[in-house]
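Let me begin by presenting the structure, written as structure tokens, before commenting on it.
The values are calculated or read from the model by the stated rules, or taken from the named source; none is laboratory data. Bear in mind that the values here come from a model prediction, so they are computed numbers and not experimental data. Glycine also receives a Cβ, built like all others from the backbone with ideal geometry; neighbour counts cover every protein chain displayed. Accessible surface is based on the protein model in full, side chains and every heavy atom, while ligands, DNA and RNA are left aside. Shrake-Rupley method; radii C 1.70, N 1.55, O 1.52, S 1.80 Å.
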Amino acid sequence: IAGALVGLGYSGVMATVDLVVARLLDEDAARTGVRREAMFLAAFGFFNRLNAAVKALAFLGAFALYGFQSGDAPGDRADEAARFLLVVVPCALLACAAFVSRWVRVGAAPHDGSRAPAVAA
């Protein structure tokens with residue numbers, strides 16, 4: 001049951017990301033009159049690849065705080081390192097996402113190009 005709930009949430013996130021990207025592309029095209037999908041998708045790809053840096057920072061934190069190195073050398077406090085990686089890091093990232101989302105404005109779908117951009121400057 002827990003796996004099904006996680007899968008449902010994950011599939012919702014995947015679909016939502018595609019919808020948000022499509023919405024941004026449509027709003028940009030309506031505002032500028034230029035289709036710039038390649039530029040946007042390259043930027044989104046860059047940010048998606050930044051997740052490796054976030055993971056590296058999370059494991060660096062687990063190493064610094066709990067001595068966690070790997071599954072073969074988990075350190076003396078492996079249980080606390082696991083809690084840090086499974087609870088603290090996701091909650092911190094969620095708080096960051098909630099903070100950043102304060103600047104995102106979602107309105108009616110663009111039809112004539114007369115509305116403001118989706119993301120406030």
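Quick notes on this structure:
- Scanning segment 63-75 turns up at least one residue that is small (Gly, Ala, Ser), loosely packed, with under 10 Cβ neighbours inside 10 Å and modelled with pLDDT of 85 or more.
- Any chance ASP18 is open to solvent by 80 Å² or more (accessible area, probe 1.4 Å), part of a helix (DSSP H, G or I) and of a type in the set (Asp, Glu): yes
- Within segment 26-41, being more than 21 Å from ALA97 (Cα to Cα) and either open to solvent by less than 80 Å² (accessible area, probe 1.4 Å) or assigned to a helix (DSSP H, G or I) (or both) holds for ASP26, GLU27, ASP28, ALA29, ALA30, ARG31, THR32, GLY33, VAL34, GLU37, ALA38, MET39.
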